[in-house]
1. Which number in (1) farther than 25 Å from A:Leu205 by Cβ; (2) surrounded by 16 or more Cβ atoms within 10 Å (Cβ to Cβ) marks the one condition that A:Asp287 misses?
2. Could you tell me whether the range B:68-90 includes any residue that is within 14 Å of chain A (Cβ to nearest Cβ) and closer than 20 Å to B:Ile217 by Cβ?
3. Out of the range B:224-233, which residues are in a loop (DSSP other than H, G, I, E, B) and either more than 14 Å from chain A (Cβ to nearest Cβ) or in contact (Cβ under 8 Å) with a residue 40 or more places away in the chain (or both)?
4. Among the residues in the range B:96-119, are any at positive phi, out of contact with any Gly (no Cβ under 9 Å at 6 or more places or on another chain) and more than 10 Å from every other protein chain (Cβ to nearest Cβ)?
5. Just a yes or no: is a residue in the range A:188-210 outside the structural domain of A:Cys109 (by TED's automatic domain parsing), within 21 Å of A:Gln124 (Cα to Cα) and buried (at least 22 other Cβ atoms within 10 Å of the Cβ)?
6. Name the strands (runs of 3 or more DSSP E) wholly inside the range A:130-223 in which the number of residues that are farther than 20 Å from A:Val299 by Cβ and away from chain B (no Cβ under 14 Å) is 1 or more.
7. Just for the range A:208-234: of the residues that are β-branched (Val, Ile, Thr) and at pLDDT 95 or above, which one is farthest from A:Asp10 (Cα to Cα)?
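The values are calculated or read from the model by the stated rules, or taken from the named source; none is laboratory data. Small disclaimer: the values here were computed from a predicted structure and weren't measured. Using ideal geometry, Cβ is built from the backbone for each residue, glycine included, and neighbour counts are taken over all protein chains shown.
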Number of protein chains: 2
Amino acid sequence: MQIVQVDLGDRSYPIYIGSGLLSESNLFLPHIKSDQVCIVTNQTVGPLYENVLQSSLTGKRVALVELPDGEAHKNFSTLNLVFDGLLQARHNRNTTLIALGGGVVGDMCGFAAASYQRGVNFIQVPTTLLSQVDSSVGGKTGINHPLGKNMIGAFYQPQAVIIDIDLLATLPAREISAGLAEIIKYGLLGDGEFLLWLEQNIERLVALESDALIYAIQRSCENKARIVAADERESGVRALLNLGHTFGHAIETQLGYGNWLHGEAVGAGMMLAAELSEKLGWLATEDVARVRNLLARAVLPIAAPKSMTVDQFLTHMSVDKKVMDGRLRFVLLKALGEAVVVSDVGLADVEQVLQASINSGLADIR
Amino acid sequence: MQIVQVDLGDRSYPIYIGSGLLSESNLFLPHIKSDQVCIVTNQTVGPLYENVLQSSLTGKRVALVELPDGEAHKNFSTLNLVFDGLLQARHNRNTTLIALGGGVVGDMCGFAAASYQRGVNFIQVPTTLLSQVDSSVGGKTGINHPLGKNMIGAFYQPQAVIIDIDLLATLPAREISAGLAEIIKYGLLGDGEFLLWLEQNIERLVALESDALIYAIQRSCENKARIVAADERESGVRALLNLGHTFGHAIETQLGYGNWLHGEAVGAGMMLAAELSEKLGWLATEDVARVRNLLARAVLPIAAPKSMTVDQFLTHMSVDKKVMDGRLRFVLLKALGEAVVVSDVGLADVEQVLQASINSGLADIR
């Protein structure tokens, strides 16, 4: 087992990464402060793992809330199922919520924890590769609004994150690839050494080899933890974590949540960011080819969906949270392993890169 | 103008208290960080004051969201009107929300600010006496759930609070009394000197005399600010602020939001707390008479509603946030001006005090 400590003052917490951790009672109990616990999961993951988790919660009175599965349900009425469950079971402000699921469950359970009685404790048990390397670190919680993704939420830190890589065995291959997109992101944005390791080991990750997975998850969490610790509320360097996300959110919004997976949209978004960086003269053609090759080996989209238009991209990007006072901001690559935030990119360059990517016809909607 | 500084580290903020402040542009502008501002008000207060406020926001692009008035609308669908308004006007995370209204508007606007894009700035302009002395300090924001009041929310501090006592001129007399309940609370729970001042000046407050109002608001905010600064997230001494609230919330829940005003329920709740304190041998009969007399002069209820039953009280109090691990906790008075939190009160004593108060027939539903 590896432990990554996320250093945020009195909101610091550990991430445990290993095999078989779901049944390690002694990992959970020190982070639970009363006898009330509420497991929040979904209808897909719950039936697979909630019994194992319940057995680890020795001596606790455990409530269980199963949410409908999928990004389409990441809204207030689903969130309210958690509040209903907590209030019906008369949970007080000393309760502990446990998120057992992927990013959607983690974001909603985290926001429920942030909001229930103005804040209770929670533990994350991320069950997808993407949530293990992304939402494990950073405290971003929230729900969607019809006019934008993650528009309602809170920055709220868990007491602990418990990552059991055995849970990945039941995950569809597409979800593994989606997680690899975020892992590749950490290499591209600030860890060239890790990028080289990924270029040597990407097939081992696709094949779910334990030691490779534990290393990649640990290194990803360390990368993210370092950045988040420097900028908890996303006013500066943390914006680098949005590499691929400005384009990616536009794809998700246009296609409707749940068509492309978040990680797939981020994969295509990173490709577009690399191509825009080449357009600005920062990346060489060979660099862009390395990015394209790595994404393709991770079985990820390497272009914008051919059904989308440039105008659709621009419309969705202008309500993106990364927009400051009306200016489009991008995270681009000065070099492989070195991302920067740029707000003075010419609109024509953006349009040309988008149009070329769409015209390539390399990516379809699913 | 008086200024009370609420001292919460990097979340500190000033409260300005005076006459005519709504049109003082120079009070607002330093607390607004971009050109985006959204006024959140209700359909009663908005038409009276939103134009004056808009004139003070020189050079800003101002969006306006008018919510339906009343505690019955303090729910997610009303809250969502704020998110709709912000997203339709494409407000980004540098926007500033201004709450123009009473406690309901303040709580919802504050929670909207806490949650919109995971947190944006907000300024409070409380327009009721109760919100001026209560929600101005402490950062409690939130909405109700059918199973409990304020069950969903956040601790979130404003950039500034601007209290213009001129706005009280349009407030119904019942709302003034409700505000006086909270003002009296500060005297009872920890400021015996202020309690004496109130016993000498309560009629001047009922009559809205400016200098008396400014002094009482300032002293109330100072009392609350001192307590909140010592315990921002309500894990200790802040519980004293709930004097009268355990009983009061039960009354509000049973009668339905909007029958008794919050301050009226707190008034009756403080009376019950005083009577329970007498039952435990802490207050003398004369002390209880002083409380009853002061509340009556402030035109507040001095008993539990005669239509309620003891069982209804007990049911509602057991889901109250002040319940720790199933034990009923009360804020009671060791002496006038000295409140304590007690969790070992005998149930029989509580029942007898409630029954006697109900039987007195002194308070009806409105």
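1. If we test A:Asp287 against (1) farther than 25 Å from A:Leu205 by Cβ; (2) surrounded by 16 or more Cβ atoms within 10 Å (Cβ to Cβ), just (1) comes out false.
2. no
3. Just the residues of the range B:224-233 that are in a loop (DSSP other than H, G, I, E, B), to begin with: B:231-233.
Answer for the range B:224-233, where residues must be in a loop (DSSP other than H, G, I, E, B) and either more than 14 Å from chain A (Cβ to nearest Cβ) or in contact (Cβ under 8 Å) with a residue 40 or more places away in the chain (or both): B:Glu232, B:Arg233.
4. No, the conditions are met nowhere in the range B:96-119.
5. Taking the range A:188-210 as the starting set, the residues that turn out to be outside the structural domain of A:Cys109 (by TED's automatic domain parsing) are A:188-210.
Of the ones still in play, those that are also within 21 Å of A:Gln124 (Cα to Cα) are A:210.
Now narrow it down to the ones that are buried (at least 22 other Cβ atoms within 10 Å of the Cβ): none.
Scanning the range A:188-210, I find no residue that is outside the structural domain of A:Cys109 (by TED's automatic domain parsing), within 21 Å of A:Gln124 (Cα to Cα) and buried (at least 22 other Cβ atoms within 10 Å of the Cβ), so the answer is no.
6. Answer list for the range A:130-223: A:160-164.
7. Per the stated criteria, the residue is A:Ile214.
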